[in-house]
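**Student:** Quick one: the structure is below, questions incoming.
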Amino acid sequence: MSPSQRTYELIMHLWPLGKVVNRLGNQPVLRSVLRPYFSAKDNEAIILPVNEAVRGTESAVLPFALLAPLIERASARAVLNECPCRRGEDCQAYPHEPGCLFLGEGARAIDPDRGRPVGVEEALAHARQAMTLGLVPLIVHAAFDAWLLDIPYRRMLAICFCCDCCCTVRHGLRLGPPAFWDTVVRLPGLNVSVSSACTGCGLCLEVCYVRALSLENGRARVGEACKGCGRCTRRCPEGAITFGLDEHEEVLAGLLERIEARTNIGLAT
């Protein structure tokens, strides 16, 4: 049964407690009890770094070039009336709209009180509007979303538009146990590099949620744990940390392969 509107409002009221659960997941006694909450089997997120300087032929259109094919090829699309994260955290930096975009047959089952079906062009415009506001696209396949909206988990995919201050995924990276880190994967084909302009100041290490950065021989080094969130590129005063992108076709193919291994949203070829 779908959670009632009253239950939904209660969840919004209790939303900040999610950060408490993240912190509790770090405690040795509760770690095993809460491990299912952080399961990579039931949850996965991929950040598309919309505001970062991505070097390569696709740099100017990285997020939209990857989102557009998903939106166009999905069997159905719907947008939520609000972003649950920004609503739950009472975000003061961004409006609670625009809400998440859902793709696949599951989108057709979203309660009209919480969202509405949209066509391809409206969905594309919705994504453009969110990115114009500075919100970062996050491709999410989460069991909690399916439960909250009472839609089939294996027939849905969410594209959230997130802010650093309220995003549940970013809170999990920052506050939660290392087990949560496995639920967030770097965009296939996205590479992070450090140039000779690096002075070894260490500021990037301070902002990395997953401790993927280290100092070696006076220069920052990016490890395999990097999620490609882009916080380090914004923090580096020398602009020494940059993103590079493989060929667009290869990046899109890798992204589609990862999505189709988890859920069926009716992607047409």
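FYI, it's all coordinate maths here, none of it is from the lab. Fair warning: this is a prediction, and the values are worked out from it, not measured in the lab.
**Student:** Cα convex hull of segment 104-242: mean projected area in nm², to one decimal?
**Tutor:** One quarter of the hull surface, i.e. the mean projection, equals 10.0 nm².
**Student:** On alpha carbon coordinates alone, what is the Rg over Rh value for segment 190-245, Rh being the Kirkwood radius?
**Tutor:** Result: Rg/Rh = 0.89.
**Student:** Taking only the alpha carbons of the chain, what extent do you get along each of the three principal axes, in Å, biggest first?
**Tutor:** So the three principal-axis extents are 57, 47, 35 Å.
**Student:** Out of Leu138, Leu30, Leu70, any idea which swings most in a Gaussian network model of the chain, alpha carbons joined below 10 Å?
**Tutor:** Leu30
**Student:** Oh, and also: For segment 134-209, what ratio Rg/Rh do Cα atoms give with a Kirkwood hydrodynamic radius?
**Tutor:** Taking Rg over the Kirkwood Rh, I get 1.05.
**Student:** How far, in nm, would the chain grow between Val29 and Val120 when pulled straight, counting 0.36 nm per residue and subtracting the alpha carbon separation?
**Tutor:** So the chain would gain 28.0 nm between Val29 and Val120.
**Student:** Specify the residue with the greatest mean-square fluctuation among Ser196, Ser214, Ser75, computed from a Gaussian network of the chain linking alpha-carbon atoms under 10 Å apart.
**Tutor:** Maximum fluctuation in the GNM of the chain, among the listed residues, is at Ser196.
**Student:** Continuing with the same structure: Between 0 and 90 degrees, rounded to the nearest ten: what's the tilt of helix 248-260 against the longest Cα principal axis of the chain?
**Tutor:** 50
**Student:** Turning to a different aspect of this structure: For segment 99-183, what are the per-bin percents of Cα-Cα distances with bins 10 Å wide, up to the bin holding the maximum?
**Tutor:** P(r) for segment 99-183, in whole percents per bin: 17, 44, 33, 6.
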